[in-house]
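Shown next, in structure tokens, is the structure this report addresses.
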């Protein structure tokens, strides 16, 4: 899916750039259809955080066609999140108060890798950002069917790295992930605080990759 947003053509380093570098440096077997998973995740993201990009009559996002089954599944997952918000007051506040797809740029992000200091221009784009509280979070679709499987996926897919990257660009003290299961529609959540295990593990991951990126510049 080609998002027309010029954010994706900017030159600062993003978490996605670090992911691509990791795949080059440490290739591993891919399970399932990665492109299809990304495409469907982009549909769900658009339905929830950028509805203006979605045409419900033609089942398209930015002109890209989705099948009736794909679109129906995406809407079912959106309804699961909306239903969860009826009992999850924090999620309800996020859906009501957050800015969506909020871009942040840092032209001189400071890094410390094993005592070596360097800087890079960085960027990120939040699914949700609560400006009044100066923190935000991420929306995911997942094949996990239990909270335990979702927690394991955070490390496996480096979502911890993503959240630490975003937190440090924004200098935020908190963060969160909400994920909707593709299998059963359950909604999972994970809250992060600066200095906890998720943040620390994620920061260690991104510092190594950022250093390798700097070396290649």
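Identify, please: which residue in the range 161-181 is in a helix (DSSP H, G or I) and touching a residue at least 40 places away in the same chain (Cβ under 8 Å) and is, among those, farthest from residue 130 (Cα to Cα)? So the residue we want is 161. Give the number of residues within the range 112-122 that are surrounded by fewer than 22 Cβ atoms within 10 Å (Cβ to Cβ) and under 21 Å from the mean Cα position of the chain (by Cα). The total comes to 2. The residue pairs whose first member lies in the range 98-109 and is surrounded by fewer than 17 Cβ atoms within 10 Å (Cβ to Cβ), whose second member is modelled with pLDDT under 95, and whose beta carbons are closer than 8 Å, counting only pairs six or more residues apart or on different chains, are 103/7; 105/10.
Whether any residue in the range 185-201 is closer than 19 Å to residue 98 by Cβ, crowded, with 22+ Cβ neighbours inside 10 Å and under 18 Å from the mean Cα position of the chain (by Cα) is what I want to check.
Checked the range 185-201: at least one residue is closer than 19 Å to residue 98 by Cβ, crowded, with 22+ Cβ neighbours inside 10 Å and under 18 Å from the mean Cα position of the chain (by Cα).
Residues of the range 49-80 that are part of a helix (DSSP H, G or I) and in contact with a strand residue (DSSP E or B) (Cβ under 6 Å, 6 or more places away or on another chain): 49, 53, 77, 80. For residue 36, the conditions (1) under 30 Å from residue 82 (Cβ atoms); (2) modelled with pLDDT of 95 or more all hold with the exception of (2). Evaluating residue 119 against the criteria (1) part of a helix (DSSP H, G or I); (2) touching a strand residue (DSSP E or B) at 6+ places or on another chain (Cβ under 7 Å); (3) under 28 Å from residue 6 (Cβ atoms) leaves one unmet condition, (1). Scanning the range 143-150 turns up no residue that is under 18 Å from the mean Cα position of the chain (by Cα), within 14 Å of residue 181 (Cβ to Cβ), buried (at least 17 other Cβ atoms within 10 Å of the Cβ) and in contact (Cβ under 8 Å) with a residue 60 or more places away in the chain. When you check residue 195 against the structure, is it free of Cβ contacts under 8 Å to residues at least 12 places away in the same chain and outside any helix (DSSP H, G or I), yes or no? Considered against the rule, which asks whether it is free of Cβ contacts under 8 Å to residues at least 12 places away in the same chain and outside any helix (DSSP H, G or I), residue 195 comes out as yes.
The values are calculated or read from the model by the stated rules, or taken from the named source; none is laboratory data. Just so we're clear, the structure is a prediction, and the values are computed from it rather than from any experiment. Note that each Cβ is placed from the backbone with ideal geometry, even for glycine, and that neighbours are counted across all protein chains shown.
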